[in-house]
1. I'd like to check which helices (runs of 4 or more DSSP H) are fully inside the stretch 263-342 and have at least 3 residues that are modelled with pLDDT under 95.
2. Which of the residues that make up the stretch 77-121 are at pLDDT 95 or above and either outside the structural domain of Asn284 (by TED's automatic domain parsing) or among the β-branched types (Val, Ile, Thr) (or both)?
3. Take the residues in the stretch 70-92 that are under 14 Å from the mean Cα position of the chain (by Cα) and surrounded by fewer than 23 Cβ atoms within 10 Å (Cβ to Cβ), then tell me which one is farthest from Gln140 (Cα to Cα).
4. Considering the stretch 213-226 alone, what residues qualify as being touching a residue at least 60 places away in the same chain (Cβ under 8 Å), assigned to a loop (DSSP other than H, G, I, E, B) and either surrounded by fewer than 20 Cβ atoms within 10 Å (Cβ to Cβ) or not polar (S, T, N, Q) (or both)?
5. Within the stretch 203-212, is even one residue part of a loop (DSSP other than H, G, I, E, B), of a type in the set (Val, Ile, Thr) and either farther than 23 Å from Asp134 by Cα or in contact with a helix residue (DSSP H, G or I) (Cβ under 9 Å, 6 or more places away or on another chain) (or both)?
6. Among the residues of the stretch 287-307, is any surrounded by fewer than 18 Cβ atoms within 10 Å (Cβ to Cβ), under 18 Å from the mean Cα position of the chain (by Cα) and of a type in the set (D, E, K, R)?
7. Quick one: which residue in Arg257, Arg274 is in contact with a helix residue (DSSP H, G or I) (Cβ under 9 Å, 6 or more places away or on another chain), among the basic types (Lys, Arg) and either free of Cβ contacts under 8 Å to residues at least 40 places away in the same chain or over 14 Å from Gly132 (Cβ atoms) (or both)?
8. Arg168: charged (D, E, K, R), outside the structural domain of Ile286 (by TED's automatic domain parsing) and in contact with a Ser or Thr (Cβ under 7 Å, 6 or more places away or on another chain), yes or no?
Amino acid sequence: MADKKVAPQPPAEATGMKRGLTSYGDQGFSLFLLKAFIKGAGYTDQALDRPVIGIVNTGSGFNACHGNMPQLVEAVKRGVMLAGGLPVDFPTISIHESFSSPTSMYLRNLMSMDTEEMIRAQPMDAVVLIGGCDKTVPAQLMGAASAGIPAIQLVTGAMLTGSHRSERVGACTDCRLYWGKFRANEIDQQEIDDVNNQLVASVGTCSVMGTASTMACIAKALGMTVPGAATPPAVTADRIRVVEQTGTTAVKLAAERLTIDQILTPKAFENAMRVLLAIGGSTNAIVHLSAIAGRLGHKIDLEALDRMGKETPVLLDLKPTGQHYIWRTFIKRAASPRCCVN
């Protein structure tokens, strides 16, 4: 009598498409059904046997900060496939400061829950978090911290700067500067309209030391990005090379099972606070750091932050290359009382 065939069962520590199967009472059937549906997108069994790297896609027509999302997703996928993984992107909500009524802050926690639950619910061995606008990076780090799988942050990059009467201008510090001049009748309607056309010269996040740029630097200081990921502008080849490297690194994180709690240690948060002080970053950052730390059971020591403030100089003597305007902007604005408008 021939041996009875037994449906294959997922291993105890499932990986790839075998992770987190929908509960149909039969693990073998659950995997069979999952593969049947995803094969509808044209996947082969060989592809589905690879480690799965989820890619959080926060593209939105209401969010110009994330306007380069299609190119970023494509480059992450390339990096993942070069390293032998299977990239799968999925959407979460997208938050933009100027398109969130009445304010964006309360949406941060909603986005973090969305991010966490989608990571938990879908099969992936690691996740690439793509975001940039102010509340996005903290929301994604909060959600990933709670989900607990290997994760890496990818920021969208800063926008290019515009020019008004031979002076470089950028959002959103100069937004307030010129609007103040207009309200004081120092400039007329024609000039404020001209400025409006120059403040945001491309897709990408604000090119000054607001919350977006601050959180990009902090994500790097926390150890959550690849080296050099904070500074390349959104529309440059440098940014795309960083993106590809991020996809490749995500596969390595999955193979090593380097979960986010192993990276976001108390020492990492201390490092992030020192960087925050050194760059003269946004005051919102400490609120976000506290929230991210809280997801891992850590607590930001505000008294220690005060002590660090006496120890850590503002990086006014930094000598940046001519390649990235964003660093020059960071330094120029660092000591300004209007450096942290976002």
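1. 266-279, 302-311, 325-333
2. Answer for the stretch 77-121, where residues must be at pLDDT 95 or above and either outside the structural domain of Asn284 (by TED's automatic domain parsing) or among the β-branched types (Val, Ile, Thr) (or both): Val80, Val88, Thr92, Ile93, Ile95, Thr115, Ile119.
3. Val73
4. Leu222, Met224, Val226
5. Yes: the stretch 203-212 contains one or more residues that are part of a loop (DSSP other than H, G, I, E, B), of a type in the set (Val, Ile, Thr) and either farther than 23 Å from Asp134 by Cα or in contact with a helix residue (DSSP H, G or I) (Cβ under 9 Å, 6 or more places away or on another chain) (or both).
6. No.
7. Result: Arg274 is the single residue among Arg257, Arg274 that is in contact with a helix residue (DSSP H, G or I) (Cβ under 9 Å, 6 or more places away or on another chain), among the basic types (Lys, Arg) and either free of Cβ contacts under 8 Å to residues at least 40 places away in the same chain or over 14 Å from Gly132 (Cβ atoms) (or both).
8. yes
The values are calculated or read from the model by the stated rules, or taken from the named source; none is laboratory data. The structure presented is a predicted model; accordingly, all values stated were derived computationally and were not measured. Using ideal geometry, Cβ is built from the backbone for each residue, glycine included, and neighbour counts are taken over all protein chains shown.
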